[in-house]
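Here's the structure we're looking at; comments come further down.
The values are calculated or read from the model by the stated rules, or taken from the named source; none is laboratory data. Just so it is clear, the model here is predicted, and its values are computed rather than measured. Backbone-built Cβ (ideal geometry, glycine too); neighbour counts: all protein chains shown.
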Amino acid sequence: MDRPFLLVNESVWNRLPSSVRMTRSIRLYGAFVHSVVQRRSDRRQHHGTFFLRNRPELELMRTLVSQRTEGAKLRIAVLACSNGAEVYSILWTIRSARPDLNITVHAADISSEILEIAKKGTYSLEANGLTDSAFFERMTEEEMQQMFDVEDGHARIKPWIREGVSFQVADATDPGLTELMGRHHIVVANRFLCHMTPPNAEKCLRNLAQLVEPGGYLFVSGVDLNIRTKVALDLNWTPVLDLVEEIHNGDFSLRRGWPLNWWGLEPFTTTRPDWRIRYASVFKLGDKA
């Protein structure tokens, strides 16, 4: 996208000290720039992702499931699961802490090609198209050893992590999605709604809420904040405020993209009266405990 009319470019913006970016005048200007970028961008889906992409998000998920009784069933849905990195990151995190839980994961993506990679759970350690070594860049060597069997330049997800996972082609906007996938205690819908036009993203978010069991949790980061705030207020969702700022800032690639990319995420602040709803990435839906 051509940006000369914005009077700013990535080089100039990235050189600004963080203290300057957080001033009211710069934040307002950044919000204006981002609104223009969002209106003029040709949004499209991306399959690039990382293992352990947002650590505070995974930490909160581990905390939430720690309250479940021994041997309890736990149903998780992951939408737009891409190459499986998020699915396996979730399972490794939870099963490492609660191996006693009976976990089933239903993972879905609109691309059958990318799902084949997710199903195999085998990733090249060299840059190679859809399987790129950059997927591992946020992991430590110890975490690599715990999660993968490495051989001949490839990393394969360990069998105990892969158990109970099913992958299917599905469209997150499909009104029949609940009938297709059922309801779940945790629904993860991260980092793909921002690539939709605002009307489609709002419609999709309302549709995804139907997948959540009463009293269950919806994880939804990487979405236009105005849309998420509107839907959360309309449907009376309860924001989960544990680690709210840490999760908001937990995926530095999204934060770094603001304000010059449509998928960028604005800085966290408690000065807004609606900050609890606006910046929460996790919500409890319904009343059932």
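Counting residues in segment 181-194 that are loosely packed, with under 15 Cβ neighbours inside 10 Å, touching a residue at least 12 places away in the same chain (Cβ under 8 Å) and farther than 28 Å from N102 by Cβ gives zero.
Number of residues in segment 228-274 that are touching a Cys at 6+ places or on another chain (Cβ under 9 Å) and among the aliphatic types (A, V, I, L, M): the value is 2.
Selection of segment 196-229 for residues being assigned to a loop (DSSP other than H, G, I, E, B) and polar (S, T, N, Q) yields T197, S221.
When R95 is tested against the conditions (1) assigned by TED's automatic domain parsing to the domain that holds D174; (2) over 16 Å from L64 (Cα atoms), the lone failure is (2). Selection of segment 254-279 for residues being farther than 19 Å from P198 by Cβ and either in a loop (DSSP other than H, G, I, E, B) or at pLDDT below 95 (or both) yields R255, R256, P267, F268, T269, T270, T271, R272, P273.
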